[in-house]
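Chemist: Can you keep this structure in mind? I'll have questions shortly.
The values are calculated or read from the model by the stated rules, or taken from the named source; none is laboratory data. Given the structure is predicted, the values throughout are model-derived calculations rather than measurements. Backbone-built Cβ (ideal geometry, glycine too); neighbour counts: all protein chains shown. Note: accessible area is taken over every heavy atom of the protein model, side chains too, but ligands, DNA and RNA are not part of it. Shrake-Rupley method; radii C 1.70, N 1.55, O 1.52, S 1.80 Å.
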Amino acid sequence: MSRRQTSLAPDQTDSRLMTEAEAREAAQKLKAREDFFKLMSHEIRTPLNGVLGMLSLLNRTSLTAEQQSYLQTARESGEHLLTLVNDLLDYARIEAGHIHLESHLVELEPLLQSVAELLSPRAYAGGIEIAWSLDPRLEAIEIDEGRLRQILFNLAGNALKFTQTGGVLMDVTLTEAGAVRFGVRDTGAGIPEEARARIFEAFGQVDPSHAGAQYGGAGLGLVVVKKLIEAMNAELDLQSEPGKGSLFTATFPVACTLRATPELRAAPDVICVTTNPVLAEAAQSHLDSCGIRVRQATQLKGIGRRSRAVVLADRRSLPEPVPAPNNRSLILLAPEERDEIPAWRDKGWAGYLIKPLRRSSLKERIETLSLKPLPNEELAATTEDDRIIPVVAPGVQVLLVEDNPVNALLAQILLQREGCRVERAASGEEALRLIETQNLYDIVFMDLGLPGLDGIGTTKALRAKGVRVPIIALTANAYEEDRRACLAAGMDDFLTKPIELPALRHRLSQWCGRANAA
């Protein structure tokens with residue numbers, strides 16, 4: 001693994017012209033500003049974690065339509081506030097000090113999938129798609145994963161905000177020059193030429209009225225993206241056509257690893273039934289990696305019962321559960337539509353896939369169904385989508401070290417819903433006592449901002465005593481240097497607040513040896 005650091009400072013004055021005292025004073029001011037931004041991040045995100053987490057739990061209870069409407073408005077407001085906080089803090093830190101870059105080999109497929117899945121609730125709530133496409137030759141690149149994830153999340157999240165129909169596609173390709181190009185393309189309203197420079201300026205908007213209208217935002221997300229891309233020696237480009245959408249690209253001159261060329265063989269016939277071009281393009285990209293071509297259709301009509309084609313049908317293209325066109329048909333569902341699965345099975349559908357589509361799941365399901373006998377013959381079994389697993393950590397013993405009672409209650413409920421048995425410690429000293437006397441825990445979730453002995457100190461003490469249980473940092477501090485400090489202290493992973501359920505499930509799955517999380 002290789003590492004490098006890049007520094008950006010707002011004051012480009014040559015330090016050789018400063019006296020030693022002036023340089024020391026400037027460094028102290030910079031350190032004070034960085035400490036302030038860390039404190040503000042923690043103090044703002046901690047109560048937001050409680051608010052958004054409790055609203056999420058409330059959403060799982062029985063509510064009237066009126067209550068659901070109020071709850072949705074509250075959640076959208078909270079998520080909007082969190083976005084503003086993140087953008088403001090990122091911008092302030094970049095303007096005040098340094099951007100630290102740390103390069104290592106990053107696998108592209110899981111990165112793109114995780115970003116798409118985190119953004120999918122926002123996309124599907126708006127009736128559009130979020131998907132990804134990866135050049136079948138590409139496997140991994142040498143880059144700062146956290147910063148790249150931030151760039152993709154900001155670009156795709158911004159694109160979703162301004163897209164009402166169609167969707168957003170994250171597309172990664174290998175250029176002729178050997179660079180890796182990340183594109184985020186939307187089917188939104190597009191950006192007028194006179195506004196394309198303004199949106200990369202602090203507090204800039206395509207239309208000044210957007211800052212206070214339904215789009216919201218402080219106009220800082222793209223500024224942060226631009227500064228990060230410049231720090232990573234990459235090129236940022238924007239192409240847009242009003243009424244047809246926009247394409248943001250970031251081209252990175254980085255080292256990459258390539259996959260072996262897929263061996264072409266007799267490929268199954270695949271039909272994707274959808275009216276959404278973003279979904280169709282993503283499905284084709286996933287299957288390009290194994291040499292399978294996809295035919296697109298807008299309706300089921302014409303697919304015979306004895307057709308050997310594997311059918312992928314988008315739920316949004318169908319009015320209700322309808323009979324399957326053949327016994328090799330899969331329905332593509334958004335996560336919130338999973339309660340419809342029995343109804344589709346009753347109509348003869350062979351199975352389902354949850355969007356955003358996963359490349360491995362799609363390939364496996366198509367390969368299985370392509371071998372399925374025709375009607376009136378013995379039926380082959382298919383596996384379930386791994387995102388419908390009821391729990392990911394049944395029976396796992398968890399020690400939750402958290403002093404904030406609201407955040408502790410939220411984390412405890414989320415963990416228990418994944419099958420965990422949870423014991424709580426409200427301080428580092430209490431955690432040490434519990435582990436020394438019991439030592440029955442499979443995993444520890446450790447808050448950093450504990451009273452007395454903090455999370456870093458508690459972890460160091462546990463590691464010094466030879467305790468090897470996985471320790472996951474649980475904190476409202478979302479900065480890269482905090483993650484590095486946690487790992488240096490002996491922690492195994494890092495989970496930021498507000499807690500995202502997919503991220504929590506992933507940590508439990510990864511460190512407790514269970515099946516893959518959602």
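Chemist: How large is ³J(HN,Hα), in whole Hz, for each residue of region 417-428 in order, when computed from phi with the Karplus curve 6.51 cos²θ - 1.76 cosθ + 1.60 and θ = phi - 60°, using x for Gly and Pro?
Modeler: Once rounded to whole Hz, the list reads 5, 9, x, 7, 9, 10, 10, 10, 10, 9, 7, x.
Chemist: What percent does the relative contact order of region 426-509 come to when contacts are Cα pairs within less than 8 Å and at least six residues apart? Kindly include the intermediate steps, with their values, before the conclusion.
Modeler: Values: 108 pairs, mean separation 21.9, N = 84.
Computed value for region 426-509: 26 percent relative contact order.
Chemist: Additional query: What length, rounded to one decimal in nm, is gained on full extension from LEU371 through to ARG417, with 0.36 nm per residue of separation minus their alpha-carbon distance?
Modeler: Stretched out fully, the LEU371 to ARG417 stretch lengthens by 12.8 nm.
Chemist: Report the trypsin sites (Lys or Arg not before Pro) located in region 314-368 that are in a DSSP loop and have at most 15 other Cβ atoms inside 10 Å of their Cβ, or state none.
Modeler: The qualifying sites are LYS347.
Chemist: Extending each Cα 7 Å along its Cβ direction at ASN59 and THR73, get the distance between those two points in nm, one decimal.
Modeler: Computed distance between label sites ASN59 and THR73 equals 1.7 nm.
Chemist: For region 408-452, list residues with backbone N below 16 Å from a point placed 7 Å from the Cα of LEU501 toward its Cβ?
Modeler: Correct set: 410-420.
Chemist: Quote to one decimal, in nm, the extra length available between GLU176 and ARG306 on full extension: 0.36 nm per residue of separation minus the C-alpha distance between them.
Modeler: Result: 42.4 nm gained on full extension.
Chemist: Under 1.5 on a/c is rounded, so check that first for region 221-358, then, if it is not, pick prolate when a/b is larger than b/c and oblate when it is not; a ≥ b ≥ c are the square roots of the alpha carbon gyration tensor eigenvalues.
Modeler: In terms of gyration-tensor shape, prolate.
Chemist: What nm distance separates the two modelled labels at MET40 and THR298, each placed 7 Å from Cα along Cα→Cβ?
Modeler: 5.0
Chemist: If you don't mind, another one. Hey, any idea what % of region 282-366's accessible area is carbon plus sulfur with a 1.4 Å probe? Write out the running numbers ahead of the final one.
Modeler: On the way: 1680 of 3530 Å².
Ligands and nucleic acids excluded, carbon and sulfur reach 48 percent.
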